Amino acid sequence: MNIRVSATGELQCGDRTYRCSLGRSGIRIDKREGDGATPAGRFPLRRVLYRPDRLPAPATRLPLAALAPDDGWCDDPADPQYNRPVRLPYAARHEDMWRADALYDVVVVIGHNDAPVVAGMGSAVFMHLARADYRPTEGCVALARQDLLDILTDAGPDTLLEIGIDVR
């Protein structure tokens with residue numbers, strides 16, 4: 001199964017279409033750390049992370065892991081753990097995965113810049129929950145909670161996320 005994301009903020013999964021948020025800088029082929037763009041391309045879905053204090057384990061065929069308060073993700077290109085999960089506290093720049101808001105209650109790790117990791121080519125690119133107003137992300141794909149949970153029921157190790165190119 002392939003999931004397709006258009007530059008207009010529509011995600012197509014099978015015969016269903018969902019609204020999604022993309023990076024504040026749109027979709028770019030030449031994704032770089034901190035540019036606010038969602039990377040263009042075809043990416044595998046690596047695994048699902050979720051907040052066990054806020055919802056039960058999502059139904060999916062993808063590998064699944066519960067988040068913990070000391071989970072982080074390194075986004076410092078100068079650090080050897082760049083674009084990898086880390087345990088907090090962590091000295092280098094990182095994202096806290098255990099957020100006060102709900103954005104990371106369900107997180108799908110997208111296989112962008114991870115095989116191999118190249119410093120500066122973008123980190124922490126996820127599918128996660130959207131804000132109520134669907135405001136742009138820092139480079140991720142964000143969906144309503146129920147929409148993401150619905151998509152995950154059909155997703156498995158063979159699923160590819162295809163992110164289109166904005167040709168405006």
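The values are calculated or read from the model by the stated rules, or taken from the named source; none is laboratory data. All figures in this text were calculated on a predicted structure; none of them were measured in a lab. As a convention, Cβ positions derive from the backbone with ideal geometry for all residues, glycine included, and neighbour counts pool all protein chains shown.
Is there a residue in the range 104-115 that is within 14 Å of the chain's Cα centre (by Cα) and either of a type in the set (K, R) or farther than 20 Å from A65 by Cα (or both)? Full working, then the answer.
Step one: of the range 104-115, the residues within 14 Å of the chain's Cα centre (by Cα) are 104-114.
From what is left, the residues that are either of a type in the set (K, R) or farther than 20 Å from A65 by Cα (or both) are 113.
Scanning the range 104-115, I find at least one residue that is within 14 Å of the chain's Cα centre (by Cα) and either of a type in the set (K, R) or farther than 20 Å from A65 by Cα (or both), so the answer is yes.
Please specify each residue of the range 8-41 satisfying the condition of being over 15 Å from the mean Cα position of the chain (by Cα), part of a loop (DSSP other than H, G, I, E, B) and of a type in the set (D, E).
D15, D30, D35
Applying the selection to the range 55-79, what residues are under 19 Å from R93 (Cβ atoms), in contact with a Phe, Trp or Tyr (Cβ under 6 Å, 6 or more places away or on another chain) and of a type in the set (A, V, I, L, M, F, W, C)?
The answer is C74, and nothing else.
I'd like the full set of residues that are among the charged types (D, E, K, R) and in contact (Cβ under 8 Å) with a residue 60 or more places away in the chain, limited to the range 29-56.
K31, R32, E33, D35, R42, R46, R47
Being in contact with a Ser or Thr (Cβ under 9 Å, 6 or more places away or on another chain), assigned to a loop (DSSP other than H, G, I, E, B), at pLDDT 95 or above and farther than 15 Å from M97 by Cα narrows it down to one of P58, P44, so name that one.
Values: P44 fails: assigned to a loop (DSSP other than H, G, I, E, B).
When all the criteria are applied, what remains is P58.
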